[in-house]
Amino acid sequence: GEQKAMIFKLTPPENPSTGDIEFFANGKPAKAVQRIEYNHILPQIMFPKATAKVVKLDLNKTVKNIGYVKGSGDEVAQNLGGVGFNVVSFEAKDLAVLDLSMFETIIVGIRAYNTEPNMKNGNTVLNEFVKNGGNVIVQYNTSRGIEKGAIGPYPFQLSRKRVTKEEAKPTFLAPDHPLLNSPNKLTTKDFDNWVQERGLYFADEWDSNYTPIIAWNDPGEEPQKGSILVADYGQGHFIFTGVSFFRQLPAGVPGAYRLLTNMISYGK
């Protein structure tokens, strides 16, 4: 039952890699303590083997300052802060009063347009931010209650389409587009070892100003092309994505970090 704090130094390998750190005490695998407690069951205590996932990332970025509009709850802002971005999180109601010029890119948290009434006016503010040279990235929202034209500078329509197989093969629809090449050169290997799914609530109709970037599909289904849409507007850029970054980043998926970083850095 004793506890002791220990400090150790870990030297990462030279090349990108992913692995687990395992801990041993007196030659035996150390155990973690995990308590499961809900109102409808007795508390359960688990003692899994103590491990920690580590990732050595090859990550280039050309943007430092990001604004993050809080949605229904995700860890994307914290994860981006962990790889060196300066992220300022704020509520949707603050869009109208903040000096957005401090940000190079603004990311909208998951389901913000579903849960935050202020996003109706906030979208107008974000479009102006893009027009003046900023980048805006809107993550997934459910299709219920979202009208065509409610998000972004040009209209697109959300659907209930998704890709649930995390191994689904990506097809690069615009292989020369900067989102796939700069500042990180992406290959199909960047889409290995994803978790749970590729994404959800993809667009199924969009204005001709948008360029779709990736297509993929579950077995036996038609390719879905609406997971990433990008458009130039004024001096800036708008990106919609149904890719499930909110699952991939907390799981330490290197390719997801590289893809999102390219979106954040687009045009910068």
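The values are calculated or read from the model by the stated rules, or taken from the named source; none is laboratory data. All of these numbers come straight from a predicted model, not from anything done at the bench. Cβ placement follows ideal geometry from the backbone for every residue including glycine, while neighbour counts extend to all protein chains displayed. Remember, those area values only see protein heavy atoms, side chains included, never the ligands or the DNA or RNA. Shrake-Rupley method; radii C 1.70, N 1.55, O 1.52, S 1.80 Å.
Computed quantities for the displayed model
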{"item": "ALA77 being of a type in the set (A, V, I, L, M) and at pLDDT 95 or above", "result": "yes"}
{"item": "Boolean, ASN65 is open to solvent by 90 Å² or more (accessible area, probe 1.4 Å), among the polar types (S, T, N, Q) and under 26 Å from ARG247 (Cβ atoms)", "result": "no"}
{"item": "Considering residues of the stretch 90-114 that are in a loop (DSSP other than H, G, I, E, B), out of contact with any strand residue (DSSP E or B) (no Cβ under 8 Å at 6 or more places or on another chain) and open to solvent by 60 Å² or more (accessible area, probe 1.4 Å) only, the residue nearest to ALA150 (Cα to Cα)", "result": "ARG111"}
{"item": "Failed criterion for ASN86 (all others in (1) over 26 Å from SER17 (Cβ atoms); (2) in contact with a Phe, Trp or Tyr (Cβ under 6 Å, 6 or more places away or on another chain) hold)", "result": "(2)"}
{"item": "Residue within the stretch 28-49 that is over 19 Å from the mean Cα position of the chain (by Cα), farther than 30 Å from GLU147 by Cα, among the acidic types (Asp, Glu) and loosely packed, with under 14 Cβ neighbours inside 10 Å present", "result": "yes"}
{"item": "Lone unmet requirement of (1) part of a loop (DSSP other than H, G, I, E, B); (2) charged (D, E, K, R); (3) under 18 Å from the mean Cα position of the chain (by Cα) for ASP190", "result": "(1)"}
{"item": "Lone unmet requirement of (1) part of a strand (DSSP E or B); (2) in contact (Cβ under 8 Å) with a residue 40 or more places away in the chain; (3) surrounded by fewer than 22 Cβ atoms within 10 Å (Cβ to Cβ); (4) not small (Gly, Ala, Ser) for ASP232", "result": "(2)"}
{"item": "Residue check, ASP204 of a type in the set (Asp, Glu), touching a residue at least 40 places away in the same chain (Cβ under 8 Å) and not in a strand (DSSP E or B)", "result": "no"}
{"item": "Single residue of LEU158, LEU200 found to be among the hydrophobic types (A, V, I, L, M, F, W, C), farther than 30 Å from VAL55 by Cβ and open to solvent by less than 30 Å² (accessible area, probe 1.4 Å)", "result": "LEU158"}
{"item": "Residues of the stretch 132-152 satisfying the condition of being open to solvent by 30 Å² or more (accessible area, probe 1.4 Å) and in contact with a Gly (Cβ under 8 Å, 6 or more places away or on another chain)", "result": "ASN132"}
